[in-house]
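*Asks:* Right, I'll just put the structure down here and ask away after.
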Amino acid sequence: MNLSDPKQLSTLLEGLLLASGKPLSLERIMELFEETERPEADVFRKALAILGGSCKGRAFELKEVASGYRLQIRDTFSPWVGRLWEERPQRYSRAMLETLALIAYRQPITRGEIEEIRGVAVNSQIVKTLQEREWIRVVGYRDVPGRPAMFATTKGFLDHFNLKNLDELPPLAALRELEPEPVLAQDDDDPAVPQSLQARADLAMGDDCEPEGEPQAGSETSFGSLLAELDAMEQGLKIDFDDLARAADEANHEAPQVVSNAGDDPSSSEREETQ
C-alpha cells in the first residue's frame, strides 16, 4: 500500500476509525504509523477529506468533534438504529439540563452563581452526575471567601453533543426563539383579530346600537367588546327552570283533589237524601 497516496490512505483511515470505537485526533492517528512510513500531516488531512467525501449518500458520515475524527451514523437513521438496543435512552431532568446549560454558556461558573441565576438550590446529585459522565470538571477556585469551585465543560461534553468547540453552541438568541411565546390576554383592540371579522362585528354593533341618522362620533366597537357584551347577555339568561317544574307538579297534584272534594261535599249528599 502506498501510504503517500491520499486515496489509498483514506481507506486505511476508514478501517482505523471503525475499529477504534471513539474519536481519534490527527496526532493520535499519526502515532499509529512508524516514523519510516508515516506520511506528512497534509497527506493525512487530504486523506480525511477524501474519506469524508466518500461518505456522501451513505448511512454514516465522518464527523470532527472536540476529541478528533469519528465515523458515526447520520441523524436521519437514528430512529431505526436506536432499536438495536433494548434499553431506553437516558432522560435528563429539567434541573440538570438548566445547570448544564449555565455551565456551558457561563463557564467558568460556581455553584453559588448557578443558584443565584436559577433562583433555587442546586442538588448535589446533579453536579455529581455531570462529573461522573465527564461532562463538567473543576477548573479552579474563585478567589472569594470560601473559595468555591468553578465548573467548566469537557471534551466529553462536546463529543456527546456532536460539537467541535464551544463556538458551535447555538447563540442564546436562537434558543430563545425556540421557546413558545406566552399567550397574553387580548386587549380590546388586539390586532390579532382578522380584519374581516372585526369589520362584521363593528357593522353589527353599529346597526343595533346607533340610532339612525345619529352616528356616535369617535366611538369604536371592537371584537373584544362584542364578546364582552355577549357574555353579559348570557349571564342574564334564565338557566334554572326547577321552579317551573315544581309548579307543574303542584298543579297535577291539586287537580284530583278538587274532584274528590266535590264528591264528598256535605251539601250535595243532603240534596240526594231530600230527593
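*Asks:* Conditions: (1) surrounded by 12 or more Cβ atoms within 10 Å (Cβ to Cβ); (2) at pLDDT 90 or above; (3) more than 26 Å from Phe157 (Cβ to Cβ). Leu13 meets all but one. Number of the miss?
*Replies:* Of everything listed in (1) surrounded by 12 or more Cβ atoms within 10 Å (Cβ to Cβ); (2) at pLDDT 90 or above; (3) more than 26 Å from Phe157 (Cβ to Cβ), Leu13 misses just condition (3).
*Asks:* So which pairs qualify, if the first residue must be in the stretch 110-134 and on the phi > 0 side of the Ramachandran plot, the second must be of a type outside the set (Asp, Glu) and in a helix (DSSP H, G or I), the Cβ gap must be under 8 Å, and the two must be at least 6 apart or on different chains?
*Replies:* Note: pairs meeting the criteria are Glu134/Gly156; Glu134/Phe157.
*Asks:* Closer than 29 Å to Thr154 by Cα and not assigned by TED's automatic domain parsing to the domain that holds Leu17: which single residue out of Arg88, Arg74, Arg45 fits that description?
*Replies:* Going through Arg88, Arg74, Arg45 in turn, just one is closer than 29 Å to Thr154 by Cα and not assigned by TED's automatic domain parsing to the domain that holds Leu17: Arg88.
*Asks:* When both residues are 6+ apart or on different chains and their Cβ atoms are under 8 Å apart, which pairs have a first residue that lies in the stretch 79-99 and is loosely packed, with under 10 Cβ neighbours inside 10 Å and modelled with pLDDT of 80 or more, and a second that is hydrophobic (A, V, I, L, M, F, W, C) and assigned to a loop (DSSP other than H, G, I, E, B)?
*Replies:* No pair meets every condition.
*Asks:* To continue, here is another question. Look through the stretch 135-155, keep the residues that are free of Cβ contacts under 8 Å to residues at least 24 places away in the same chain and closer than 30 Å to Glu64 by Cβ, and return whichever of them is farthest from the chain's Cα centre (by Cα).
*Replies:* Of everything passing the filter in the stretch 135-155, Val138 is farthest from the chain's Cα centre (by Cα).
*Asks:* Let me ask something else about it. Pick from the stretch 4-49 the residues that are acidic (Asp, Glu) and touching a residue at least 24 places away in the same chain (Cβ under 8 Å): which of them is nearest to His160 (Cα to Cα)? Even if it seems obvious, please write down each step before you answer.
*Replies:* Residues of the stretch 4-49 acidic (Asp, Glu): 5, 14, 27, 31, 34-35, 37, 40, 42.
Still in the running and touching a residue at least 24 places away in the same chain (Cβ under 8 Å): 14, 37.
Numbers: Glu14: 21, Glu37: 34 Å.
Here the answer is Glu14.
*Asks:* Among the residues of the stretch 122-137, is there at least one that is among the hydroxyl-bearing types (Ser, Thr, Tyr), surrounded by 15 or more Cβ atoms within 10 Å (Cβ to Cβ) and more than 30 Å from Asp5 (Cβ to Cβ)?
*Replies:* Within the stretch 122-137 (the criterion being among the hydroxyl-bearing types (Ser, Thr, Tyr), surrounded by 15 or more Cβ atoms within 10 Å (Cβ to Cβ) and more than 30 Å from Asp5 (Cβ to Cβ)), the answer is yes, since at least one residue qualifies.
*Asks:* Just wondering, is there one or more residues in the stretch 98-120 that are under 22 Å from the mean Cα position of the chain (by Cα), in a loop (DSSP other than H, G, I, E, B), in the same structural domain as Ala152 (by TED's automatic domain parsing) and among the hydrophobic types (A, V, I, L, M, F, W, C)?
*Replies:* yes
*Asks:* Could you list, in sequence order, the residues of the stretch 140-173 that are of a type in the set (S, T, N, Q) and either outside the structural domain of Leu130 (by TED's automatic domain parsing) or not in a loop (DSSP other than H, G, I, E, B) (or both)?
*Replies:* Thr153
*Asks:* Here's another thing I want to ask about it. Give just the number: which of (1) part of a loop (DSSP other than H, G, I, E, B); (2) more than 35 Å from the chain's Cα centre (by Cα) does Arg91 not satisfy?
*Replies:* Status for Arg91: all satisfied but (2).
*Asks:* Which one of the conditions (1) without any contact (Cβ under 8 Å) to a residue 12 or more places away in the chain; (2) in a helix (DSSP H, G or I) does Met1 fail to meet, given that it meets all the rest?
*Replies:* Checking Met1 against (1) without any contact (Cβ under 8 Å) to a residue 12 or more places away in the chain; (2) in a helix (DSSP H, G or I), the one that fails is (2).
The values are calculated or read from the model by the stated rules, or taken from the named source; none is laboratory data. Keep in mind it's a predicted model, so treat the numbers as computed, not measured. Here the Cβ is made from the backbone with ideal geometry for all residues, glycine too, and neighbour counts use every protein chain on show.
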